[in-house]
Every structure is written in structure tokens, then in C-alpha cells.
């Protein structure tokens, strides 16, 4: 079963975020607090949205996402920040069900695309997404400003 995230799911989601970060070889970067997640999902002006996959009534997977916008098509899209299913629930179709739900949201709301990033060494995820019909955008490279570089550019006059 797939449903929107509820406040009662936050502890499970935080645990799974750490599991995902550990799998992606960067557990030290998973520093989000329950308060931050709550504010992003349920605060006065939420900018983050999510769904959980349930097994026996407990969250065993999640998808967290936010809106992006295409200036070329003039429509919003979804950027899937994280999709994760616990190893014990993999192969059950829950990951595909999460991706299907986000696809439905796009179609129902008139969004033109569903985007995400995948680590280039994560062959199981790449195979999963290819099987769903997704294709890599090889001609595009993700760029990012963080930390000191972000602060320096912000302070530049």
C-alpha cells in the first residue's frame, strides 16, 4: 500500500534516510533532524512532499519529492529527492508502486516530467529505473554549490 506521509511516519523515514545514506557510502552526511523533516513536510509553507510504502501497516519505503519547473514547457515537474525501500521489502513491487504513484501525481496535475539523480555505480537502482522506462540524461551534468563556495559567492559584491 502507498499513501501520503503522515506525522507518525517521521521516525521511520529518518531511520530509512540514514540507511540510504549508509548504502550510498555517506552516512556522516545524513544529519537531518526530526524537527527539520517535520517543518519541511508539515510546516506553515511545506515545500517537501512524500509518500510511504507500507508492509503489515509499517513504513518500509518512502519517496520524498518537491516541485521543479521547466521554462521550456512552462509546466512544473517532480524532482524525486529520495526513493528507498528497505532490503527486507525489496522485490515486492513497493519501489515500483512508489514510482507509479509519483507518475500519477504528475499526470493528474499536468506536470511534464519526473526527474531524479542516481549514483553512477548504483547498478541495482539503474536497472530498476530502466525497467520502469526511465532513461538517463547523459548530456546533462549535475552541478552544485555548497559550503564555503556557496557562502563566498553569496557574499561577493
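Computed from the coordinates by the stated procedures, all read-outs in this text should not be read as laboratory data. All values derive from a computational prediction rather than experimental measurement. Backbone-built Cβ (ideal geometry, glycine too); neighbour counts: all protein chains shown.
Summary table
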| read-out | value |
| --- | --- |
| Residues of region 103-117 classified as without any contact (Cβ under 8 Å) to a residue 12 or more places away in the chain and either in a strand (DSSP E or B) or closer than 14 Å to residue 52 by Cβ (or both), total | 0 |
| Residue 16 vs. criteria touching a residue at least 40 places away in the same chain (Cβ under 8 Å) and outside any strand (DSSP E or B) | yes |
| Test: residue in region 71-94 that is in contact (Cβ under 8 Å) with a residue 40 or more places away in the chain, surrounded by 13 or more Cβ atoms within 10 Å (Cβ to Cβ) and assigned to a helix (DSSP H, G or I) | yes |
| Test: residue in region 125-132 that is farther than 21 Å from residue 25 by Cα and in a loop (DSSP other than H, G, I, E, B) | yes |
| Among (1) part of a helix (DSSP H, G or I); (2) within 14 Å of the chain's Cα centre (by Cα); (3) surrounded by 14 or more Cβ atoms within 10 Å (Cβ to Cβ), the one test that residue 100 misses | (3) |
| Test for residue 150: is it touching a helix residue (DSSP H, G or I) at 6+ places or on another chain (Cβ under 7 Å), exposed (fewer than 15 other Cβ atoms within 10 Å of the Cβ) and without any contact (Cβ under 8 Å) to a residue 24 or more places away in the chain | no |
